[in-house]
Each structure stands twice: as structure tokens, then as C-alpha cells.
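Following: one structure in C-alpha cells, then a few remarks.
The values are calculated or read from the model by the stated rules, or taken from the named source; none is laboratory data. Keep in mind that this is a model prediction, so the values were computed, not measured. Cβ coordinates were reconstructed from backbone atoms using ideal geometry, including for glycine residues, and neighbour counts include every protein chain displayed. The area values use the complete protein model at the heavy-atom level, side chains included, leaving out ligands, DNA and RNA. Shrake-Rupley method; radii C 1.70, N 1.55, O 1.52, S 1.80 Å.
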Amino acid sequence: MLQSNKIASLHLFLGKEKTNYYIAQNEKMKKDNINEIKPDRLLAQKRDYFLGNALLHDISKKIEAKDQKVYFVEFKNGARTKLHYHEGGQALFVTEGKGILELYTKYSSGCGKVKIRLNSKSELEAGDMVYIPKYRLHWHGALKKSNFSHIAFNSFTKKGKEARTIWYESDFTSHGTKIV
């Protein structure tokens, strides 16, 4: 299947199957298993950005991605992110469980505070994939009393820099306040 020494591919076997990736460079292949990538200790410090128990695994380091950050994220027992947006686009590929994604519109802002309005809500399950455009306010995570996991691909900026994620404390109905 690998026809060139410059091919990079990611094979995702969704559900409870093993998830593997393969990278071919200079006719060498590296193989690893996503289930063996431990949660990143530095990412664990970002716990303030989640409601409930979420584990982040930085796949980027393993596959040596140069133009995006790639995370395997596990949301346990109804856990979810806080309200946020990315300065680059984000693609989510659901690997297990049932979850939800809510997109918001900002209609007023000032001094780190925003007024928000729910724009759309989508339930997600294994095999689903979604793209969230840059600067789009949203949150995602497990349905109540459910587990949920996805692989997130966070695009870098046009200048090749890692895009920032801007986080908010929110009531998820009318307003949000930027976390400093």
C-alpha cells in the first residue's frame, strides 16, 4: 500500500478495534498503537478547560506532525470541554461512544466577556466526523452518563504556527467570560 518514501498516512479503525498509524519516510516505517499512548502530563494541567474527567493524549509527538496538533481525547461519564474557539480549524473524528457538539454565535463582546446564542447542536457517535471553522465558538464532549472519545486535528495558522485555543467560563445559554 505504501508506494513512496514520502507517504504519510493515518489509519483509524473506529470503535473498539485497535487504532494504528503508519508513517513511511526514507523507506522506514514506524508503527504504534493509539491505546498505548499515555495521557500527556503537561496537557493534564489544562484540566481547567474541562468539566468532568477528560484525558488528552498528544498523538502529534508520536507521529511527528509538523502542520497540526493531533490529540486523542477521552471524555468519561458525561465530561465535556468548556466553551472555546481555535485560531485554526479543527476536525473531530469520533472513535467511541455518544457525544455532542454545540456551536455558538457571538453577538456582543467586550473586556473578555461575550454574549452568546446557540446556533446548532449535533449528537455524535462512532464513525462521525465534523469540521469546526477557526474562530467558531463551541464545546464538545460526552452525553450525560456516557463515555465518548475522538481524535482532534487542530490546524496551524497560515504562518505555520500552532493555533491558540481561547477558553471561556460560561453558562452555555447567554454569556461567557474569557479564562485568563
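Mind listing which GluC sites (Glu not before Pro) in segment 103-180 are in a DSSP loop and have 15 or fewer other Cβ atoms within 10 Å?
When the GluC sites (Glu not before Pro) of segment 103-180 are filtered for loop state and at most 15 Cβ neighbours within 10 Å, Glu162 remain.
From the phi of every residue in segment 64-79, what ³J(HN,Hα) in whole Hz does the Karplus formula 6.51 cos²θ - 1.76 cosθ + 1.60 yield, where θ is phi - 60° and glycine or proline is x?
6, 5, 10, 10, 6, 9, 10, 10, 9, 10, 10, 10, 9, 6, x, 5
Quick one: with all protein chains in place, what share of the accessible area of segment 79-180 is carbon or sulfur, to the nearest percent (1.4 Å probe)?
Working: 2750 of 5470 Å².
Heavy-atom surface of segment 79-180 belonging to carbon and sulfur, 1.4 Å probe: 50 percent.
If each of Arg164 and Ile179 carries a label point 7 Å out from its Cα toward its Cβ, how far apart are those two points in nm?
The two pseudo-label positions are separated by 1.5 nm.
Provide the gained length on full extension for the span Asp67 to Thr157, in nm with one decimal, where the gain is 0.36 nm per separating residue minus the Cα-Cα distance. All intermediate terms of the calculation are to be shown ahead of the outcome.
On the way: separation 90, 0.36 × 90 = 32.40 nm, distance 0.86 nm.
Once the chain is fully extended between Asp67 and Thr157, it gains 31.5 nm.
Asn53's amide H: which non-local residues (gap 5+, or another chain) put their own amide H closer than 5 Å, with H modeled 1.01 Å from N in plane and none for Pro or chain starts?
Those qualifying (amide H under 5 Å, at least 5 residues apart or on another chain) are Lys76, Ala79.
Kindly identify segment 95-180 as rounded, prolate or oblate by the Cα gyration tensor criterion: order the square roots of the eigenvalues as a ≥ b ≥ c, call it rounded if a/c is under 1.5, otherwise compare a/b with b/c, prolate if a/b is larger, else oblate.
Verdict is oblate for segment 95-180.
If amide H atoms are built 1.01 Å from N in the plane of the peptide, which residues on other chains or at least 5 residues away come under 5 Å of the amide H of Gly89?
Lys134, Ser155
With labels modelled as points extended 7 Å from the Cα through the Cβ direction, what inter-label distance (nm, one decimal) is found for Ser120 paired with Asp171?
Distance between label points: 2.7 nm.
If I model a spin label as a point 7 Å beyond the Cα along the Cα-Cβ vector, how far apart are those points for Asp48 and Cys111 in nm?
A separation of 2.0 nm, rounded to one decimal place.
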